[in-house]
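The values are calculated or read from the model by the stated rules, or taken from the named source; none is laboratory data. On a predicted model such as this, the values are computed, not experimentally measured, just so you know. Quick reminder, even Gly has a Cβ in these numbers, built from the backbone with ideal geometry, and neighbours come from all protein chains shown. These area figures cover heavy atoms from the full protein model, side chains too; ligands, DNA and RNA do not enter into them. Shrake-Rupley method; radii C 1.70, N 1.55, O 1.52, S 1.80 Å.
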Amino acid sequence: RGPVAAAPARADGRVLAVPAARQLARELGVDLAAVGGSGPNGRIRVQDVLAHSEVGRPQAAAPAPAAPAVAQAPAPAPAAPQ
Amino acid sequence: MTKSFDFDVLVIGAGPGGYHAAIRAAQLGLKVACAEREAVGGVCLNVGCIPTKALLHAGETVAGARHAAEFGLTFGEQKLDIAKLNGWKDGIVKKLTGGVGSLFKANKVTHLQGQASFVDDHTVKVGDKTYTAANFIIATGSDPARLPGLDVDQDRIVDSTGALVLPSPVPERMLCVGGGVIGFEFANIYTNLGSKVKVIEFLPNIIPGADADAVKAFQKAMEKQGVVVEVQTKANKAEKKEDGVHVELENVKTGEKRTEVFDRVLVAVGRRPRTDGLNAQAAGVNVTDRGFIPADKQQRTNVAHIYSIGDVASNPMLAHKAMKEGLVAAEVIAGKPAAQDAVAIPGVVYTSPELAWVGLTEQEAKDKGYEVKTGNFPFSASGRAMTLQQTDGFVKMVVEKDTDLLLGVHIVGPHASDMLGEAGLALEMAATASDIALTIHAHPTLGESVLEAAEAVHKQAIHIMNR
Amino acid sequence: MTKSFDFDVLVIGAGPGGYHAAIRAAQLGLKVACAEREAVGGVCLNVGCIPTKALLHAGETVAGARHAAEFGLTFGEQKLDIAKLNGWKDGIVKKLTGGVGSLFKANKVTHLQGQASFVDDHTVKVGDKTYTAANFIIATGSDPARLPGLDVDQDRIVDSTGALVLPSPVPERMLCVGGGVIGFEFANIYTNLGSKVKVIEFLPNIIPGADADAVKAFQKAMEKQGVVVEVQTKANKAEKKEDGVHVELENVKTGEKRTEVFDRVLVAVGRRPRTDGLNAQAAGVNVTDRGFIPADKQQRTNVAHIYSIGDVASNPMLAHKAMKEGLVAAEVIAGKPAAQDAVAIPGVVYTSPELAWVGLTEQEAKDKGYEVKTGNFPFSASGRAMTLQQTDGFVKMVVEKDTDLLLGVHIVGPHASDMLGEAGLALEMAATASDIALTIHAHPTLGESVLEAAEAVHKQAIHIMNR
Ligand SMILES: Cc1cc2nc3c(=O)[nH]c(=O)nc-3n(C[C@H](O)[C@H](O)[C@H](O)COP(=O)(O)OP(=O)(O)OC[C@H]3O[C@@H](n4cnc5c(N)ncnc54)[C@H](O)[C@@H]3O)c2cc1C
Ligand SMILES: Cc1cc2nc3c(=O)[nH]c(=O)nc-3n(C[C@H](O)[C@H](O)[C@H](O)COP(=O)(O)OP(=O)(O)OC[C@H]3O[C@@H](n4cnc5c(N)ncnc54)[C@H](O)[C@@H]3O)c2cc1C
């Protein structure tokens, strides 16, 4: 599976994310609009927020050495099919 | 928190918003006080959500016993001891408010009895003592709105609080002024207990905020039970006479006036935020023209360490909204990443059938620019509803056309409020109609009708023909 | 599909599994027949799910009228016309089975009346005609298991079908052999209608498959209503005598035997897959020793174009599982990407209180290697339950410790089955306890107890102290 891009903004501005992911994003200071959601319609789950916040941390278990990640980089898709 | 204050948080008002805030703040290790000038539990426990539901249950039991004849169960003469009913209802209220009191003790929330008035932005006066706090949560709730010309005496002309005390015998002719949730809950109670009830509503539709189709089915069910509903009608004035209360009703479209006579008149025309005696200006807290103390998503007012929650903060004036906001305020104060970010706030009329909804109505969705699909499933096709003898109503689902995203669920029917659990979670989880349709729902349950409504969105309901 | 067959799909059996399969296949444009040797609707509609729920409602109405005295509502002499009750129940069954017949017509499903027997893997005989089909769906259901020594005469010794026909007056002394779902539903019905009921169960626990804590609370509630429960007890033999049925009961732990006398004995010791007359071997379809016709996640048997669904395919023998599998088989035949991939299949005992669950029990979760947290919330702390006069029971949530992932929900209490909607969707959506706790639940609803159980997982329930 390739990386999941952040879903385009919805017309009404709503970001589709489950409640626990919204809470976690606030805790980690993550902007949900930048997170790639792995669910239908780009729905963001807790794993997506975690994956997103891992990007850019050198100790993160990245699949391959990549160019220094930028904050807005798309998160890798979680392994689990949804 | 700094040591120079008496409390980390002082909550003003012990209604559902306030007591949730106080308990959560205490759970998070803060030193908490909660001031209350009347009874712990607020409107909701004392004269709102709870006592109405007790009386609704009593009324439904009467109706249920009547319907039992359909399956061969009949009863001899039925007697209702109104004093005992009032007492039973009051007993439940006492148990619950006593429970909140015990929870305050157990969680070490200091209960301050009396009216809290701000002295400055870190000090309130309660009775003749003053207390300081690092943070305040204003949870002062709301009062019934008054209607000029109809003077509430809590006997023949009552507001919702007066209507909760049932006279014996129940009034023969009852008028509910206001066709909102409260008006219809009382209409249902009094109808089931034997009154002839009329409900008048100023607007063209009853239950503002609910989906038009749902309202139509709901109104039909109420009328079937004998409630007379007149929309676009207002009450100009009421005169108490020997033979009853003479009320002048006016058709607001035609201007036509007539006088009708009732034994009891309920004024249920909305509620107003309550800030009297609070002296908010002493703390520099903004109060709007309409009396609200608005707050942001963290429930902060314009003064950063003063929070506002529940009915006094904003519409809709509902207990579960107050509770959520209470938890958010407490958690924010404790440094947690909380926010009032609910996708939707459910609404319920606890009549029989119930009307319950969460999320956007079809019209609201269209107004917001959504292209929508809908799915309907009637309870007349539900085996479970038949066995419960309650087949009026339906589940209606509003879904975004391209994405299948669930936008709203509207239910008229038995136990509709129970089904909001699934609907509400689905909305918060950004579920699609397919997510619901692919989930096994136990048979035979009312919840299967939620499943079938989701299938109907895709024209694949099993127990109805999909146009 | 190829033109050389009479039908694209021929479904054998018109129970809930079969009729769902037939209707969905027709919705997807296939040419469908459905063979049924008895009545459309199968066990579920005719002698299972539906008639039991009708009688349970009747029993609960009797109990509800009795409890009404608590709030001052009393009735004169109560009369139950058993013939009318049986007729009302039969009327609901007729409406529903008639409905399925109409849906067959409207969806252009050819209904073949008679027993279907395979001639070869593309041909069945129904009555004296043969039909060919490209695909078959076997949905032949199950029969009650028999117990040696207890000969069912459908009068004094009955199986579930006989128990549905209430004698007038109801038996004074009733024995339910088998403490599963069916045994307890009948125990509840007969108790509410006036019988003195004993339930015996061979195993150490009643309601196998349910969570131990939930079972304990459920049993306590049943006993409180007068049901006598004896576990680790079996019935060896029954002798019909003038004064009643003499049943030899044996304590399987101590070997101690004694004889007790009952007016009616219900044998409800499980169900067996039904393949008699099907001649499955002619089609090369495997039947297990225990009589099941197993299927894969696409509901395919060992013969790729022959599918098996519902009770005949596997345990648990539940209507909603049969329905789901019916939809899956139909969709797979139509080339859709369907699978029976349910995370969990809910279970319900529709007594009062209800026992309802979905997902893993605490023990099952531990056995699977999960580290678990649990959260409990009692209905005795629910305002809504108080107003409904039904405060027995609780919601228990089983959650994975590190991830907060919901694993199972177990409910004893009022309307428990209604609350499965949320719980089931939560499991299917891989929701966490936080997702539920952060979702606003309407007040005052029973669903708030689901919310509070989720909060209790985090030791943050509001209306109880969190140990
Ligand atoms: C008849 C009726 C039925 C209802 N049914 C439902 C229902 O079924 N579901 C639902 O969700 N909602 C229902 N509501 C609405 C619900 O009661 C309110 O939304 C809810 O009570 C609001 O909670 P709150 O905490 O904001 O305020 P309140 O419950 O109004 O509590 C505010 C408390 O603050 C106290 N107070 C005010 N000022 C001060 C002060 N200066 N110092 C100290 N104490 C002060 C008051 O005495 C009061 O106890 C109903 C309302 C009514 C009238
Ligand atoms: C008293 C009782 C209460 C129950 N309550 C519930 C409940 O509340 N909820 C729940 O989920 N489950 C309940 N069940 C279980 C439920 O009834 C079964 O799980 C369900 O009926 C299984 O559906 P099915 O389609 O697999 O088979 P069935 O309903 O058994 O239908 C099979 C059909 O196939 C027909 N048939 C068999 N062989 C042939 C043949 N060779 N040719 C033609 N036709 C044939 C039969 O006549 C029958 O109509 C209950 C069962 C009982 C007995």
Subject >> One residue from B:LYS108, B:LYS94, B:LYS125 being on the phi > 0 side of the Ramachandran plot and either assigned to a helix (DSSP H, G or I) or modelled with pLDDT of 95 or more (or both) >> reply: B:LYS108
Original post:
How many residues does the stretch B:123-142 contain that are touching a residue at least 40 places away in the same chain (Cβ under 8 Å) and either of a type in the set (Val, Ile, Thr) or surrounded by fewer than 17 Cβ atoms within 10 Å (Cβ to Cβ) (or both)?
Top reply: 6
Original post:
Which members of the stretch B:45-61 meet the condition of being open to solvent by less than 20 Å² (accessible area, probe 1.4 Å), within 7 Å of chain C (Cβ to nearest Cβ) and near ligand 1 (Cβ under 7 Å from one of its atoms)?
Top reply: B:LYS53
Original post:
Tell me, which residue of the stretch B:1-44 that is among the small types (Gly, Ala, Ser) and more than 14 Å from chain C (Cβ to nearest Cβ) is nearest to ligand 2 (Cβ to nearest atom)?
Top reply: B:ALA39
Original post:
Mind checking whether some residue in the stretch B:405-413 is of a type in the set (Val, Ile, Thr), outside the structural domain of B:GLN225 (by the TED database), under 26 Å from C:ALA339 (Cα atoms) and open to solvent by less than 10 Å² (accessible area, probe 1.4 Å)?
Top reply: no
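Residue by residue through the stretch C:244-257, note down the ones that are hydrophobic (A, V, I, L, M, F, W, C) and open to solvent by less than 40 Å² (accessible area, probe 1.4 Å). Spell out how you get there, then give the answer.
We begin by selecting, within the stretch C:244-257, every residue hydrophobic (A, V, I, L, M, F, W, C); these are C:245, C:247, C:249, C:252.
Residues satisfying the conditions are C:VAL245, C:VAL247, C:LEU249.
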Subject >> Yes/no for C:LEU278 being within 27 Å of the chain's Cα centre (by Cα) and buried (at least 20 other Cβ atoms within 10 Å of the Cβ) >> reply: yes
Subject >> Yes/no for B:GLU260 being of a type in the set (Asp, Glu), open to solvent by less than 20 Å² (accessible area, probe 1.4 Å) and either within 9 Å of ligand 1 (Cβ to nearest atom) or away from every other protein chain (no Cβ under 14 Å) (or both) >> reply: no
**OP:** Would you check which residues across the stretch C:328-363 are in contact with a Leu (Cβ under 9 Å, 6 or more places away or on another chain), more than 22 Å from C:GLY408 (Cα to Cα) and of a type outside the set (Lys, Arg) and list them?
**Re:** C:ALA330, C:GLU331, C:ILE333, C:ALA334, C:GLY335, C:ALA338
Original post:
So which residues in the stretch B:419-452 are more than 13 Å from B:LEU405 (Cα to Cα), more than 7 Å from chain C (Cβ to nearest Cβ) and under 25 Å from the mean Cα position of the chain (by Cα), if there are any at all?
Top reply: B:SER449
Subject >> Condition met for C:ASN107 (polar (S, T, N, Q), more than 7 Å from every other protein chain (Cβ to nearest Cβ) and over 30 Å from B:GLY64 (Cα atoms)) >> reply: yes
